[in-house]
Amino acid sequence: MKIIVGITGGIAAYKAPELVRLLKKAGHEVRCAATGHALEFVTRVTLETVSGAPLYSDLFASGRTEHISLKDWGEMLVVAPATANIIGKVASGIADDALSTLLLAFSSKPVVMAPAMNCEMWAHPAVQRNVETLKSWGIRMVGPAEGELACGVSGVGRMSEPEEIVKSVATVLQHTGPLAGQRWLVTAGPTYERIDSVRFIGNYSSGKMGFALAEALAGAGAEVELVTGPTSLNISTSRRVNVHRVESAREMYAAATEVFPSCHGAILSAAVADYRPAECADHKLKKNGSEGMTLELVQNPDILATLGGMKREGQTLVGFALETDNEEANAQRKLEKKNLDYIVLNSLRDKGAGFGVDTNKVYIIGRDGSRTESPLLSKQEVARLIINTVTS
Ligand code: PMT
């Protein structure tokens, strides 16, 4: 998401660069807008360096209507710290500097404010009335927290920590993101196919790619049903992701086919075992004296092909293909055979791609002939690229 961080003149402005850094780390593009008073506490150079973009602080500097072009660019405005002054100005419709003008122009988009001031100022009826007015217009307040204040007293008035503000941004995005109101299914991780009570057939999938997809979908506002094979990964609790932990391909099949009909789309990144032992011993198998051992395998259901057969008009189905040779031809064949809208090809011949690692390099091939190729990126960045491609 494109987020504008607005900074006003309070001592907590020193935490604004950290907030910008955390928002960027969470994958957002960030620009800053500051009041003149804010620049008494934090410098232009710092804000431009951490955001990687020019600071907006002067209504007249560019000679253009920058408050409007910045409003068009931004998808959310986070004011941190928000002083009593800026809260009062917005509540009264005053626009006399760069940030207050931007805030009035931003009336149809989500705004989060993190108030910070002395506790008696915060308790003042005028401030409380203004805060209630802003809340009634849909502006979300995070904090203020209780604790020691810069003026030496203790009370309610500290700006919430940047981590808290980032969580609040994530919550707002879940209700306002481009996929708000949609439900998506994601499969992740390996499957384990039991041989006996202590052994299984498995593979090297860590679940990282699938968990990154689930997080990115939730970040874009979707509700996610994540069906995952055995992995030690967890989803951050602030996200709306329902995690279904399964072990075998047949369990994954049961969970995925149950939720798919209520989903807008599905992205299947799990590395599912194609075969399982015909029989699973309920005890530990012992050596029987012979040199070799023959294990009879039977085929597992193909979850992706089954969903391809169930797919309704309007549902989007995305598969993965992990290949080692004839990559494109194999991926294209799977796209058609399994009735997919997109297939995401990753090749074990690309260094840094595939199993276990934190990075991936993918080719997203569409049924319509489209082709999007990524460089080597983090799995989080790849997940966002996939979601942007398959939902646009
Ligand atoms: O988990 P990581 O360590 O982060 O690694 C990510 C990954 C390498 C596992 C992932 O990027 C990936 O490539 N996943 C698909 C691996 C795979 O099994 O590909 P495949 O070509 O065998 O299967 C094709 C597609 O059919 C996949 O979407 C798979 O989920 C699906 N499938 C396969 C067999 C089966 N019985 N049911 C299925 O749904």
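Each reported figure results from applying straightforward, stated rules to the coordinates on display, with no laboratory input. Not measured: the values here are computed from a predicted model. Backbone-built Cβ (ideal geometry, glycine too); neighbour counts: all protein chains shown.
A few points about this structure:
- In sequence order, calculated HN-Hα J values of the range 135-152 (Karplus, 6.51, -1.76, 1.60; Hz; x Gly/Pro): 4, 5, 8, x, 6, 8, 9, 10, x, x, 8, 9, x, 6, 9, 4, 7, x
- FRET efficiency, Lys351 to Asp96 (Cβ-Cβ, R0 35 Å, nearest 0.05): 0.05
- Given charges at Cβ of Lys, Arg, Asp, Glu: the chain dipole, positive-most of Ile3, Leu173, Gly366: Gly366
- Computed 3J(HN,Hα) for the range 258-263, one whole-Hz value per residue from the Karplus formula 6.51 cos²θ - 1.76 cosθ + 1.60 where θ = phi - 60°, is 6, 8, 4, x, 8, 9, glycine and proline marked x.
- Residues with amide H under 5 Å from that of Val78, placed H, sequence gap 5 or more: Ile4, Val5, Gly6, Val112
- Among the GluC sites (Glu not before Pro) found in the range 309-372, those both in a DSSP coil and sparsely packed, with 13 or fewer other Cβ atoms within 10 Å of their Cβ, are Glu313.
- Taking the range 2-175 and dividing mean pair separation by its residue count, relative contact order in percent (alpha carbons under 8 Å, at least six apart): 23
- 3J(HN,Hα) from dihedral phi, the range 155-161, Karplus parametrisation 6.51/-1.76/1.60, rounded to Hz, x for glycine, proline: x, 8, x, 5, 5, 4, 5
- Equivalent-ellipsoid semi-axes of the chain, from the Cα gyration tensor, Å, largest first: 50, 23, 18
- Estimated [θ] at 222 nm from DSSP helical runs (n ≥ 4, -39500 (n - 2.57)) normalised by residues in the chain, nearest 500: -9500 deg cm²/dmol
- Largest to smallest principal axis extent of the C-alpha atoms in the range 252-392, angstrom: 59, 37, 26
- For the chain, with +1 on Lys and Arg beta carbons and -1 on Asp and Glu, the positive-most of Val112, Asn234, Asn330 along the dipole: Asn330
- Relative contact order (%) - criterion: Cα under 8 Å, at least six apart; region: the range 179-391: 20
- Cross-linked pairs Lys2/Lys71; Lys71/Lys109; Lys24/Lys89; Lys2/Lys167; Lys208/Lys361: Cα-Cα separations exceed 20 Å for Lys24/Lys89.
- Residues whose placed amide H lies under 5 Å from that of Leu297, excluding near-sequence neighbours: Ala278
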